[in-house]
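The structure appears right after this line, and notes come after that.
The values are calculated or read from the model by the stated rules, or taken from the named source; none is laboratory data. Small disclaimer: the values here were computed from a predicted structure and weren't measured. All Cβ positions, glycine included, derive from the backbone under ideal geometry; neighbour counts span all protein chains shown. Ligands, DNA and RNA are stripped out before the accessible areas are found, and what is left, the full protein with its side chains, is counted by its heavy atoms. Shrake-Rupley method; radii C 1.70, N 1.55, O 1.52, S 1.80 Å.
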Amino acid sequence: MKLTLKIWRQKNAQDKGGIVEYPIDGIEPDMSFLEMLDVLNEQLINRGEEPVAFDHDCREGICGMCSLFINGEAHGPDRGVTTCQLHMRMFKDGDTIFIEPFRAKAFPVIKDLVVDRSSFDRIQHAGGFISVNTSGNTIDANTIPVNKDDADKSFDAAACIGCGACVATCKNSSAMLFVAAKVSQYALLPQGKVEAVDRVLNMVHQMDHEGFGNCTNTGACEIECPKGISLENIARMNREYLAASLKG
């Protein structure tokens, strides 16, 4: 395929940045989107030009690093996949593809398509943990009975990979779906009850402190989430937050 790529280039966080056009040819439909960018970067390097910086790691849809805004959609036109799982067969010969970084106040651009998502780490540090002893005095996994429905919902919430697609998609740059998933995966299990009150209060406070916007229940976050994290988690977090506020 022959394509026209319009890519956001930005030297550093202080640079204004802008869209730069790159024609590219010889792209196979079975290539992944990141492999296509690898081909482009190889051509740029051979011409003595600066390659396009973009995040990637596992290339298996697990780590959430490869977060790109492609033709106005987080992770591109496919559903239930990350950018590294997106294949070029989703595009047609002659297409123009716009590639930008995730946009949010709390996700400042570092360079080109790479953004700083350490705000998510700080939210996790604020409460995404349990105090149960998990080493040195290991307890059999079946010692504490857990309701099957609760266990399934907890596993579903834990599927969140923290890519930030929910934030990039939301018109308010809200991180509610991410935080709700992290709160829910513990709130549904007995091991998470010990810090339940402090967890939801601290994580929501940190989310607000980082500058994320408010949730207005548009639902775009769930649609674009590569792991299909449900909006039900936001409702659960709101209940947890209200209960914790009353106790506090």
Index of the failed condition, Gly80 passing every other in (1) outside any loop (DSSP other than H, G, I, E, B); (2) of a type outside the set (Ser, Thr, Tyr); (3) closer than 22 Å to Ala220 by Cβ; (4) open to solvent by 20 Å² or more (accessible area, probe 1.4 Å): (1)
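Is it the case that segment 198-216 has a residue that's of a type in the set (Ser, Thr, Tyr) and within 20 Å of Gly80 (Cα to Cα)?
no
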Under 9 Å by Cβ, and 6 or more places apart or on different chains, what pairs join a residue from segment 75-99 that is within 18 Å of Val114 (Cβ to Cβ) with one that is exposed (fewer than 15 other Cβ atoms within 10 Å of the Cβ) and small (Gly, Ala, Ser)? Phe98/Gly72
What are the pairs, 6+ residues apart or on separate chains, where a residue within segment 5-30 that is touching a residue at least 40 places away in the same chain (Cβ under 8 Å) has its Cβ under 9 Å from a residue that is among the hydroxyl-bearing types (Ser, Thr, Tyr) and surrounded by fewer than 16 Cβ atoms within 10 Å (Cβ to Cβ)? Leu5/Thr96; Lys6/Thr96
Under 8 Å between Cβ atoms, which residue pairs at least 6 apart in sequence (or on different chains) link something in segment 114-125 that is closer than 13 Å to Val183 by Cα with a partner that is β-branched (Val, Ile, Thr)? Ile123/Val179
One residue is enough: does segment 84-104 have a residue meeting the conditions small (Gly, Ala, Ser), assigned by the TED database to the domain that holds Asp57 and open to solvent by 30 Å² or more (accessible area, probe 1.4 Å)? yes
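Does Phe98 satisfy being under 23 Å from Asn172 (Cβ atoms), outside any loop (DSSP other than H, G, I, E, B), among the hydrophobic types (A, V, I, L, M, F, W, C) and under 25 Å from the mean Cα position of the chain (by Cα)?
Against the criterion (under 23 Å from Asn172 (Cβ atoms), outside any loop (DSSP other than H, G, I, E, B), among the hydrophobic types (A, V, I, L, M, F, W, C) and under 25 Å from the mean Cα position of the chain (by Cα)), Phe98 qualifies.
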For segment 35-56, which positions are under 14 Å from Val114 (Cα atoms) and among the acidic types (Asp, Glu)? Asp55
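If you take just the helices (runs of 4 or more DSSP H) that sit entirely in segment 148-248, which of them hold at least 2 residues that are open to solvent by 40 Å² or more (accessible area, probe 1.4 Å), in contact (Cβ under 8 Å) with a residue 12 or more places away in the chain and among the hydroxyl-bearing types (Ser, Thr, Tyr)? Show your work before the answer.
Details: elements: 148-158, 165-169, 176-187, 196-210, 220-224, 232-247.
By residue number, 232-247.
So which residues in segment 40-71 are of a type in the set (Val, Ile, Thr) and crowded, with 16+ Cβ neighbours inside 10 Å? Before you say what the answer is, go through the steps one by one.
Here is the first cut: in segment 40-71, the residues of a type in the set (Val, Ile, Thr) are 45, 52, 62, 70.
Passing the criteria: Val52, Ile70.
Is at least one residue of segment 59-67 in a loop (DSSP other than H, G, I, E, B), β-branched (Val, Ile, Thr) and touching a strand residue (DSSP E or B) at 6+ places or on another chain (Cβ under 8 Å)?
Initial filter on segment 59-67 (in a loop (DSSP other than H, G, I, E, B)): 59-67.
Retained after the next criterion (residues that are β-branched (Val, Ile, Thr)): 62.
Subset that is touching a strand residue (DSSP E or B) at 6+ places or on another chain (Cβ under 8 Å): none.
Checked segment 59-67: no residue is in a loop (DSSP other than H, G, I, E, B), β-branched (Val, Ile, Thr) and touching a strand residue (DSSP E or B) at 6+ places or on another chain (Cβ under 8 Å).
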Just to be sure I understand, how many residues within segment 106-137 are over 13 Å from the mean Cα position of the chain (by Cα), more than 22 Å from Leu34 (Cα to Cα), in a loop (DSSP other than H, G, I, E, B) and at pLDDT 95 or above? 0
